[in-house]
1. What number of residues within the stretch 18-41 are among the charged types (D, E, K, R) and open to solvent by less than 60 Å² (accessible area, probe 1.4 Å)?
2. Give the stretch 41-69 a look and list any residue that's assigned to a helix (DSSP H, G or I) and within 13 Å of LEU30 (Cα to Cα), or say none.
3. Determine the pairs where a residue that is assigned to a helix (DSSP H, G or I) and at pLDDT 80 or above, located within the stretch 1-26, has a partner that is surrounded by 10 or more Cβ atoms within 10 Å (Cβ to Cβ) and of a type outside the set (Asp, Glu) with Cβ atoms under 8 Å apart, the partner being 6 or more residues away or on another chain.
4. Kindly provide the set of residues from the stretch 42-57 that are surrounded by fewer than 12 Cβ atoms within 10 Å (Cβ to Cβ) and either under 24 Å from PHE22 (Cβ atoms) or in contact with a strand residue (DSSP E or B) (Cβ under 6 Å, 6 or more places away or on another chain) (or both), ordered by number.
5. Any residue at all in the stretch 57-69 that is in contact with a helix residue (DSSP H, G or I) (Cβ under 8 Å, 6 or more places away or on another chain) and at pLDDT below 95?
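The values are calculated or read from the model by the stated rules, or taken from the named source; none is laboratory data. Predicted, not measured: the structure shown is a model, and the values here were computed from it. Here Cβ is always computed from backbone atoms with ideal geometry, including for glycine, and neighbour counts include all displayed protein chains. Accessible surface is based on the protein model in full, side chains and every heavy atom, while ligands, DNA and RNA are left aside. Shrake-Rupley method; radii C 1.70, N 1.55, O 1.52, S 1.80 Å.
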Amino acid sequence: MWLLLVALNAAADSETEKFAQFLESEWDYLMQEYPDWATSLGFPGQGHRWSNTSIDAVLRRQQHTREAL
């Protein structure tokens with residue numbers, strides 16, 4: 001029984017780590033895609049850019065969201 005609990009805990013830790021990596025990746029993506037928002041949040045290195053609001057960029061972001069979910 002003890003071994004099963006250890007294995008389940010390790011699996012949960014693995015899933016938690018995957019989720020944390022996903023969140024970090026999505027955060028970085030959002031900061032790159034919306035540099036004006038990133039700057040307002042104090043995220044470094046984006047103050048020289050504006051968000052791309054072209055149709056192509058909007059469609060690309062929508063596709064990214066569908067794939068991420």
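1. Looking only at that region, the number is 2.
2. Matches in the stretch 41-69: LEU41, ALA57, VAL58, ARG60, ARG61, GLN62, HIS64, THR65, ALA68.
3. PHE22/ALA68; GLU26/ALA68
4. Across the stretch 42-57, the qualifying residues are GLY42, PRO44, GLY45.
5. Yes, the stretch 57-69 contains a residue that is in contact with a helix residue (DSSP H, G or I) (Cβ under 8 Å, 6 or more places away or on another chain) and at pLDDT below 95.
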